């Protein structure tokens, strides 16, 4: 079985300034089967969303022949930080992700995406690392009781001072030892760290459970063709390593993509179609 365009999700990255149903209609019309939902206000703000509202969203998704694959709460730009040395902020952040695990179950999402947070820049890295690992372990254990798998994503150094590459990601997951905790391969974070797809699979193997497939220079969350990253090489490597999970275009929408997210997604789909191996 080869890597396929069917593995590409629809996602509301880029759609936060449009009605949520506009995103769902576009995803269905573009032939997507599964969706990754970005938990951002006003569409899916995790602290605000009720169980009933989550079930209603699931019905709207399924009415278009789609299924929710992953819930990705906004957690870099929001005041959410699992490694914060500020007691109230860390406790509130853990609570947000425990709630996100509950919402994942209501949405029928297989995956809940987590990031490691960051400690203070003037404290020992290990202090923030321990707070992050303890929080992720608690969230993963709670998610396990709900039948939800968590996936952890490495971040660029400007976003986190804890987990910035595949080796640190493997170390964090290995220390937590949660059976329902996997890894995300984000092509931009990977490229910024100077790494390759093979580096990720060498470090993490089948723990790579999700991919954010996005262009950059090398940073940025760009549509394919707007950056400089080697799409065909990435896809060939994912295929060679036997990756059969989902891939998401993580287009951030406060720039030009917000004015026409569907056109950007169409360009990405066309680029992947042309670059798929075989």
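General observations
- Being under 24 Å from residue 221 (Cα atoms), out of contact with any helix residue (DSSP H, G or I) (no Cβ under 9 Å at 6 or more places or on another chain) and buried (at least 17 other Cβ atoms within 10 Å of the Cβ) holds for only one residue in 45, 69, and it is 69.
- Any hit, the stretch 143-151, residues being in a helix (DSSP H, G or I), touching a residue at least 24 places away in the same chain (Cβ under 8 Å) and either in contact with a strand residue (DSSP E or B) (Cβ under 7 Å, 6 or more places away or on another chain) or surrounded by fewer than 20 Cβ atoms within 10 Å (Cβ to Cβ) (or both): yes
- Matching option when the condition is closer than 20 Å to residue 4 by Cα, in contact with a helix residue (DSSP H, G or I) (Cβ under 9 Å, 6 or more places away or on another chain) and either at pLDDT below 95 or assigned to a helix (DSSP H, G or I) (or both), among 237, 263: 237
- Scanning the stretch 160-175 for residues that are touching a residue at least 40 places away in the same chain (Cβ under 8 Å) and either buried (at least 20 other Cβ atoms within 10 Å of the Cβ) or in a helix (DSSP H, G or I) (or both) yields a count of 5.
- Residue 191 fulfils the conditions (1) part of a loop (DSSP other than H, G, I, E, B); (2) crowded, with 20+ Cβ neighbours inside 10 Å except for a single criterion, (1).
- Residue match in the stretch 217-238 (condition: within 17 Å of the chain's Cα centre (by Cα), surrounded by fewer than 20 Cβ atoms within 10 Å (Cβ to Cβ) and under 21 Å from residue 11 (Cα atoms)): yes
The values are calculated or read from the model by the stated rules, or taken from the named source; none is laboratory data. Bear in mind that the values here come from a model prediction, so they are computed numbers and not experimental data. Reconstructed Cβ throughout: ideal geometry from the backbone, glycine too, with neighbour counts over all protein chains shown.
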